[in-house]
Amino acid sequence: MKGLRQVFRELVKDPMGRIGLIGVLLLILLAVFAPLLAHYSPEKMVSMPKAAPNQQFWFGTDNYGRDIYSRILYGARVSLEVGLISVGIAASIGFILGIIAGYFEGRIDRIIMCIMDILFAFPSILLAIFITAVLGRGIENTMIAIGIVNIPVFVRTVRASVISAKGLEYVQNAKSIGVKTFPLLMRHIAPNTIAPFTVQATLALSSAILTEASMSFLGLGIQPPDPSWGSMLSEARAFMEQAPWMVIFPILFIVITILIFNILGDSLRDVLDPKLKT
Amino acid sequence: MKKCLILFLSLVLVCFACSALADNILRWGFESDPTGFDPHTNPEDMSIRVMNQLYETLVATNPDMTYYGRLAESWENPDEVTYVFHLRQNVKFHSGRPMTAADVVYSFERILGRTEAGDIGALGSKSTYYGDIDTVEAVDDYTVKFVLKNVNAAFLGNLSSNYGAIVDKDVIAANGDLMRADGGTGPFMLKDWVRDNNVSLVKFADYWEADRVRLDGITYYVIGDESARLAALRTGEIDISTMSASNVPIAEKDANLKVLSYQSNQYIALGCNMSTPALQDKRVRQAITYATDREALINIVFSGQAMACSIVPPSLGHWSVPLDELDVYHTDVEKAKAMMEEAGYSKTNRLSLKVAAGLLDAIRQSAVVLQQQLAEIYIDLDIVNLEQGEYVDTWYKMATPEAGFDMMVVQDGAGTDPNRSVAFFFKTGASANVFGYSNERVDELCDLALSTPDPDIREGYYNEAQKICIDDCVKTGIACMTMYYVTSANLDGFAPTAADASNYRDMYFVK
Amino acid sequence: MRNYVIRRILQIIPVLLGVSILIFAVMKLIPGDVISGALGVEGSPELRQALTVKYGLDKPYHVQYINWILGVLHGDFGDSLRTSEPIFPEMMRRFSVTAELTILGALISWIIAIPLGILAATHRNKGIDRFVRVFALMGVSIPSFALSILVILFLALVFSYFSPLGYVSFFENPVKNLQIMILPSFVLGITIAGSIMRMTRSSMLEVLQQDFIKTVRAKGASERITIFKHALRNAFIPIITLIGMQIGSLLGGAVIIEQIFSLPGLGQMTLTGINQRDYPVVQGCVLFIAFIYILVNLITDLLYAYIDPRISYN
Amino acid sequence: MNHLLEMRNLAINLYRGKKQPQVKLCEGINLDIKVRQNFGIVGESGCGKSITCSSIMGLLSYPLSVDPSTSIRFASNDGEVDLTRLSASQMRRIRGKEISMIFQEPMTALDPMYTIESQINEALSFHTSLNRQEMHVAALAMLEKVKIPRPDQILSDYPHHLSGGMLQRVMIAIALINNPRLLIADEPTTALDVTIQAQILDLMNELRESYNTSVIMITHDLGVIAETCEMVAVFYAGQIVEQAEINELFHATAHPYTKGLLKSVTSLGKVSEPLYSIAGAVPTAGAFSKGCRFHDRCIACTEKCRTSMPELTEVAPGHLCRCWLNQEANNA
């Protein structure tokens, strides 16, 4: 088990890890300080529509005369919020189910894994769309939908590492000297799941952000006036020729964000779990 | 491996190289998929554009708002409530069967719910359209007599609407309705409808005015994206499409394209569901109207290419009461705020309303601008953009809680006659009075106007009714837009007007 | 081998059952029932009652479910609330578009990804390898809709090229069909090419380090035989697993691509169904897509067994 | 040329990126293999035995490479060639035909995807023009020679159906089927059970006789060397530290390292006293000292050993050793 500090050190040593770490940090700062950094309210129509990028409107304005730069910043908030909360939902449920399935095996394991197989039987974006169709649109429902979609990967990851941890000698020893189930799980087994779990969480974040953007693009995710990169892009599509900045900036930020999380996830995997290296 | 790659690349090249050469087929770019082609029941815009080619009416409107015979060769008016139409004798349905007086009778019986099918929910069934037809009968094979219950000055105008199209009863008998079938007499026949993709029409060889029709067919392609439609126009993939004002400058720069425009009778309005308690308060409705900044909205949504309007747009000329005379249409946010406060709302006690909007850019974008403008007066709008079919369904339900919406942004056609723009939309129980408006005086005035042939007195009645409706603010007019068509430069013979914007009979390609 | 095939087929039955129960249960959660969707305001209580009986909604849930499933097994997915037409034939028509898009997308992604992945592995740390790694990372990170927009914008601005309109089936007019499908398939293919490329590269690298590759070389095999006959076949196993899973991304991605390129596929039918609250359509499409996905994964598993003699042995 | 193979000044480079200098994993290795000689190479793991043999086969791959100063001359059927100068296709004609190799891990040395027959056939098809039927006959005969029971059934089996011992027999069959002049066996028995080990060694001895093949036997096990070899080279940290005929080496051991090795295995299969082990570990490449590479583990280390590297010198006829002790003894 590597300590947090060592993981961090190794991550910083790897140039890609450094890029990922700094990128994510910057992104979080942008999102947290969006109200300070933004020049205008993201919903306010402050200028003539479709103004080209200039000193006042760094990324130009959209077809409603709203400041794209401010909307991008607030959009980062929405993206990260949706990403973190939906992965949070998926990770916590997935963690509990994974531990239960991996530790107890037998029937309960089969039931949980069967449900996961069923969830896995849907293409993920389709499942997310289906769930929002039922729950209704809007930010909370988008989070829930993406959360549910991501549960199975966490269950599988955690279950696999629990099963391999159970075979470890010291866990066997602890068990044989009569350590109770819960402390055994928490103290001896759970720590073994952390590495693959963290890697999975980082990669799930990037896919959650991508799913959110796709759904908002289809008009099923975040609803106006909340700024979301996906919905900004879907709006901008009609004006891409007259106002390419309306298209370029959201795409740029979507791609960079997903890229950064992928880079961080890859380097984390190399550091934490060299076995998984691809 | 290498061979495979070369093979693949050459295949791709071949595909790109030989693009299909279109013959004399007009290719249209549609904003959304039509919902069906029953002219009596479907008011949806895309469908109407198709139905106007499939079906015809007894009379049609000239650009100066006078009428000429289409399926009727001539008509006479022996007394104020009787109309006798002499039909053309060479008209055939697309099935090849000649159209006779019996078909006209059937069509109107169907509209009025007097056939075996019962009430089919026809758009023209209410008194504002054909509801006051007392009897329709075939005098002989080519003569039809209509007797009205009371005098209706708008009767001819109503007949020119596709809601009164003449349909083939055999086709209805075979298909149940006309949503996916074609029972018309028009210049083009329905050939194929690939859902979400295209509708293709072919020229009807036995059309009564076949010599006049120079196109071999029309294919409507569904291209949701306006930018994609514009690109398709520029690359010659399609020949014609509507275009919003914001994209017109690009089209104008392109020598291969031509821009046609006309001041339409289409207007954007915001309607209140009268079953929502908060909106039953007139102060709230008026505050909404006061808070609406039409100029700002027009700048954003229509690039300035539209006119602020009430519920009777300026294209109706003297029938329309000028906006200056209408106090509620003078934007006054402070006054609106005060009224909201009076009604009990404040910064902390805001009013949340669910608004239905549509996928059409004008509707969707207007909703966003209104959302922003109304935020100032403590109103939070929650916008849901409805797909075309659901939009129409919701529109019908907007007077009831079942609609699920408190307000709706609509794009309505004011027609060519105040009967349509006032009575059709505001008279109690009228077909298009979807928001549940009801005012006894308005009903009375509409009836009076209809039975008054004298235009000046009629105008007086309509003006009074108009002002009452406007003051009640159940439906607030916002903007009446200039409509644009962008066509390829070699397309000729098309002159859209507010009266008739979808007459493609005379179109042709300049070789 | 035969036993293995039978066992795998038996294994998907509970999953299929579970998927159908899940879809059925979720559809029952929808606020406002199907009848309200079908009826306008004018729905009188009598009419409502009549429709309730007609759709069998008065029966207990499990009976409704069994009726639905029995119908589905006979290819009867019910009627659309909007068009009142049976859903299944429309679904099949739509599926042919989605299937073509998905298959072409998959082919394009393989044509791009697998050779490049192999090249990267055999030229480790050289220029081509670096290019492939960057390309793959970008491919994984660019959403299909963003790529579509960029491609459309680029082709329109630079080459004034626009994908032809009006879908025609391949059998009707193969040239026009390919002209229409090539761009969307290409975009779809690129979006999954990244991960396949990465998998090919890492899997090839792993295999190339194994002892038996040395044996093959020691026998005097040429590089071509070493790479294609031995390394690639071994490396294919994880690649095939990934490809099977990617079919899910393709089917899902098709929903978006069909929307952008106006293709009348299953994804667009699903979305339209959702927008129109045409619940039987949504229910049918989602079940059908899930079914296809499960089927594809079954086929991958069987292919797996076909390629790897060790699988069916265990 | 007197020898089947003459290796001169073999050096193997490890590439560690643009910024860092290359490291030599092996250097200055000279080997002479006579026709029909059994040559043993012994040493701990990581001392460069395997890569030395791989470089004969031309099978080193990135980041390893043979230094250009090296020459490996080989008396092939078509005359004398320098293996390091051959083109890839020329080298392929030698590999598997004139020089074959057997590896340590029989379980992983065969491609799991193909049958035994197709893997044996491959070796034939690369170098002969036999048709399928002839190849089948040849493969069957070869399996019989390596004493595999039920050979026709085994031919259609996949590697995962067979045990390690059987697989190693298959490997030997593949290696010998083209009647090579030189067989390199890289720890052929290490991964096997002791009883199987003996069987395999016996088989190899037997076949070598009948095939007139020279063998290079790489092992860390002096017992194996004693059973099979005539000449032995002892490797340590990328160098030859001692080379002699088998009897000379066992009875007149010169190098302290060899002594240590011998001490740790008194005799094959018999452990009479607590196992001796040499303290410390082999230094890693790039961290070699200027002096003798064994000095920090050597019980007889002197100041000179720390600072300068001894040469490989003849301490007795045909007996080479790289140690200051012997050189001084000789000089003195």
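One table, with the values for the structure above:
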item: Extension gain (nm, one decimal) between residue B:210 and residue B:82, 0.36 nm per residue minus Cα-Cα; result: 42.9 nm
item: Per residue convex hull volume, Cα atoms of the protein assembly as shown, in Å³; result: 221
item: Shape of region B:441-484, Cα gyration tensor, a/c cut at 1.5; result: oblate
item: Overall Cα dimensions of region C:244-297, principal axis frame, Å, largest first; result: 32, 25, 12
item: Estimated [θ] at 222 nm from DSSP helical runs (n ≥ 4, -39500 (n - 2.57)) normalised by residues in chain C, nearest 500; result: -26000 deg cm²/dmol
item: Selected from C:108, C:13, C:237 as most flexible by GNM, with chain C as the system and alpha-carbon contacts under 10 Å; result: C:13
item: Number of partner chain Cβ atoms within 10 Å, mean per residue of C:255-262; result: 5
item: Between 0 and 90°, nearest 10: helix D:116-127 axis offset from chain D longest Cα axis; result: 80
item: Total charge dipole magnitude, chain C, about the Cα centre, Cβ charges on Lys, Arg, Asp, Glu only, Debye to nearest 20; result: 1520
item: Computed FRET value (nearest 0.05) for residue B:438 with residue B:192, which takes r as the C-beta separation and R₀ as 60 Å; result: 0.85
item: Kirkwood hydrodynamic radius of chain B, Cα pairs, Å; result: 24.2
item: Zone residues, region D:232-260, relative to residue D:299, backbone N less than 18 Å from point 7 Å out along Cα-to-Cβ; result: D:250-260
item: Selected from C:218, C:113, C:25 as most flexible by GNM, with chain C as the system and alpha-carbon contacts under 10 Å; result: C:218
item: Whole-Hz couplings from phi, Karplus 6.51/-1.76/1.60, listed for region D:286-297; x for Gly and Pro; result: x, 10, 6, 8, 5, x, 5, 6, 9, 4, 6, 10
item: Region C:137-199: chymotrypsin sites (Phe, Trp or Tyr not before Pro) falling in loop per DSSP and having at most 10 other Cβ within 10 Å; result: C:171
item: Prolate/oblate/rounded label for region D:86-195 (Cα gyration tensor, a/c 1.5); result: oblate
item: Alpha carbon convex hull of region A:1-138, volume per residue in cubic angstrom; result: 186
item: Angle between chain D longest axis and helix D:164-176 axis [Cα atoms, degrees, rounded to 10]; result: 90
item: Relative contact order (percent, whole number), region B:113-180, Cα cutoff 8 Å, 6+ residue spacing; result: 21
item: Residues D:152, C:301, sorted so that the one with the fewest Cβ neighbours within 10 Å comes first; result: D:152, C:301
item: Charge dipole magnitude, Cβ of K and R +1, D and E -1 - the protein assembly as shown, Cα centre, debye nearest 20; result: 7040
item: Exposure proxy order (Cβ contacts within 10 Å, fewest to most) of A:194, D:240; result: A:194, D:240
item: Cα principal axis extents for region D:145-199, largest first, Å; result: 29, 28, 17
item: Estimated 222 nm signal from helices in chain D, with DSSP H stretches of n ≥ 4 weighted -39500 (n - 2.57), rounded to 500; result: -10000 deg cm²/dmol
item: Amide H partners (placed H, <5 Å) of residue B:428, local residues excluded; result: B:439, B:443
item: Partner aspartates and glutamates for residue A:166 [C-alpha distance under 20 Å; skip if fewer than 8 residues away on the same chain]; result: A:105, A:109, A:273
item: Estimated vicinal HN-Hα couplings, Hz - region C:142-148 in sequence order (Karplus 6.51, -1.76, 1.60; Gly, Pro = x); result: 9, x, 4, 5, 5, 5, 4
item: Rg/Rg_ref, region B:263-482, where Rg_ref = 2.2 N^0.38 Å and atoms are Cα; result: 0.95
item: Residue pairs, from the table C:214/D:18; D:147/D:259; A:44/C:28; D:34/D:259; A:13/D:290; A:44/B:427, whose Cα atoms sit over 29 Å apart; result: D:147/D:259; A:44/C:28; A:13/D:290; A:44/B:427
item: Size of electric dipole in chain D: Cβ of Lys, Arg +1 and of Asp, Glu -1, about Cα centre, debye, nearest 20; result: 900
item: Sum of -39500 (n - 2.57) over DSSP H runs of 4+, divided by residues of chain B (222 nm, nearest 500); result: -8500 deg cm²/dmol
item: Listed residues D:317, D:188, D:256, most fluctuating in chain D (Gaussian network, C-alpha, under 10 Å); result: D:317
item: Gyration tensor verdict on region B:29-163 (Cα atoms; rounded if a/c is under 1.5, prolate if a/b is larger than b/c, oblate otherwise); result: rounded
item: Order of C:172, B:342, D:248 under a 10 Å beta carbon neighbour criterion, fewest first; result: C:172, B:342, D:248
item: Calculated Rg and Dmax of chain C using C-alpha coordinates, Å; result: 23.7, 84
item: Estimated distance in nm for a label pair at residue D:34 and residue C:58, the labels positioned 7 Å out from Cα along Cα-to-Cβ; result: 10.6
item: Length-normalised contact order of region B:263-482 in % [C-alpha pairs under 8 Å, at least 6 apart]; result: 36
item: Residue-averaged beta-carbon neighbours from other chains (10 angstrom radius) around A:211-222; result: 4
item: Test item: B:352-361 mean partner chain Cβ contacts at 10 Å; result: 1
item: Alpha carbon Rg of region C:147-261, scaled by the compact-globule rule 2.2 N^0.38 Å; result: 1.47
item: Region B:275-288 - phi-based ³J(HN,Hα) in whole Hz, Karplus 6.51/-1.76/1.60, Gly and Pro as x; result: 8, 7, x, 4, 8, 6, 7, 4, 4, 5, 5, 5, 4, 4
item: Relative contact order of region B:59-175, defined on C-alpha pairs under 8 angstrom at six or more residues apart (%); result: 28
item: Label-to-label distance, nm, for residues given as residue D:152 and residue B:296 (7 Å Cα→Cβ offset); result: 9.4
item: Chain C: angle of helix C:45-54 to the longest principal axis, Cα-based, in degrees nearest 10; result: 50
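A short reminder: the numbers here are calculations on the coordinates, not readings from a lab. Only a predicted model underlies this, so the values are computations on that prediction, with no experimental measurement involved. So basically every Cβ, Gly included, is an ideal-geometry build from the backbone, and we count neighbours across all protein chains shown.
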